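One structure is given below, encoded as structure tokens.
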Amino acid sequence: MTTTAQAERPAVRKSTPGAARGPRRRTGRVRRVGLPYLLLLPALLLELLVHLVPMVIGIVMSFKELTQFYIRDWGAAPWSALDNYRVSVDFDAPVGEALLHSFLVTIAFTLLSVGLCWLIGTAAAVFMQDTFRGRGLLRALFLVPYALPVYAAVITWVFMFQHDNGLVNHVLHDQLGLTDKPSFWLIGDNSFIALLTVSVWKGWPFAFLIVMAGLQNIPGELYEAAALDGAGVWQRIRRITLPSLRPVNQVLVLVLFLWTFNDFNTPFVLFGRTAPEAADLISVHIYQASFVTWNFGTGSAMSVLLLLFLLLVTGGYLALTSRGRRRAS
């Protein structure tokens with residue numbers, strides 16, 4: 001009887017501390033791994049709504065014959081397959097020829113603007129490394145063009161470039177006598193110089209700020225040792241400063257290139273809805289193709305082509321710079 005009763009009793013399992021801690025450890029690990037993604041979720045959703053969704057809509061619009069007749073219901077616009085892209089890259093036709101001219105103007109403008117911004121910003125940052133009286137005030141003044149709102153700054157330049165009572169003509173013609181007559185800066189060939197001037201004036205403080213931050217990471221002992229070895233100022237800049245700033249300059253040049261190539265506010269505020277032929281940047285050209293001629297399908301196709309070009313340039317640039325870093329290491 002005793003043996004039968006013992007056999008009928010349910011078996012009681014002894015719980016071990018490790019078995020109880022196992023699920024808790026897995027839960028804590030899941031929380032630790034998932035917390036960063038949970039914190040990034042609002043930013044990802046905002047990026048999706050602000051950039052990715054309009055980008056996808058723009059790509060869809062590039063395959064439609066979307067004109068002013070379908071603005072109220074653009075989904076009802078007929079599909080045009082690749083016709084918008086064919087029109088955009090047909091450089092023998094007026095639309096393609098104008099787009100190619102705008103692309104070349106933008107390339108020249110971007111290269112000159114980025115080069116001058118980097119050169120002036122680097123020179124100013126190297127100069128500001130020395131300690132002298134009033135250095136803090138001068139640094140603050142250098143950053144004023146970058147801190148000003150774009151519209152306020154460019155509108156000020158519009159007044160300065162006026163033909164009759166502008167400050168630029170007053171200084172160049174009336175005071176210095178460098179020109180035979182007052183120049184038209186906002187129309188004609190001089191418009192490219194005016195646009196480049198405003199872009200460099202507005203962009204070089206950013207290069208100055210980034211290079212100045214990068215110079216803080218260069219040990220001062222390197223300059224002292226080079227000075228003891230008899231190295232001059234230019235040799236120290238060439239052998240120490242520029243090689244040490246290479247990672248900073250690689251990122252800086254790429255950011256300046258993308259910002260300048262896509263710049264719309266500066267030419268739009270400076271010239272209005274229709275930019276002169278000499279300053280017809282591709283951003284304003286796409287705007288005119290979309291909102292002036294009311295051909296949103298062609299304008300969307302131009303935007304997609306611009307996106308592909310920038311992706312190609314960015315990928316090639318990153319590949320070249322990463323290969324250079326591997327060789328240096």
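The values are calculated or read from the model by the stated rules, or taken from the named source; none is laboratory data. Bear in mind that the values here come from a model prediction, so they are computed numbers and not experimental data. For neighbour counting, all protein chains shown are included, and Cβ atoms are generated from backbone atoms with ideal geometry for every residue, glycine included. Side chains are part of the model used for accessible areas, which takes the heavy atoms of the whole protein and leaves out ligands, DNA and RNA. Shrake-Rupley method; radii C 1.70, N 1.55, O 1.52, S 1.80 Å.
Tabulated data for the structure shown
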{"item": "Computed log₁₀ I(q)/I(0) - Debye formula, equal Cα scatterers, no solvent, the chain, q 0.12 Å⁻¹", "result": "-1.08"}
{"item": "Percentage relative contact order, the stretch 95-327, counting C-alpha pairs under 8 Å, at least six apart", "result": "28"}
{"item": "Packing-based ranking, highest mean first, of 83-91, 110-118, 151-159 given that Cβ atoms within 10 Å are counted", "result": "110-118, 83-91, 151-159"}
{"item": "Residues of the chain: accessible area per residue with a 1.4 Å probe, Å²", "result": "64"}
{"item": "The chain, helix-only ellipticity at 222 nm - DSSP H runs n ≥ 4, -39,500 (n - 2.57), divided by all residues, nearest 500", "result": "-21000 deg cm²/dmol"}
{"item": "Euclidean distance between Cα centres, the stretch 133-149 to the stretch 259-329, Å", "result": "30"}
{"item": "GNM top mover of L245, L254, L44 - the chain, alpha-carbon springs below 10 Å", "result": "L44"}
{"item": "Kyte-Doolittle mean at least -0.5 and Cα axial length at least 18 Å: DSSP H helices in the chain", "result": "17-47, 94-127, 190-215, 246-261, 296-328"}
{"item": "Packing rank of 54-63, 315-324, where each peptide gets the mean count of other beta carbons within 10 Å, highest leading", "result": "54-63, 315-324"}
{"item": "The stretch 95-327, accessible surface, carbon-and-sulfur percent (1.4 angstrom probe)", "result": "66"}
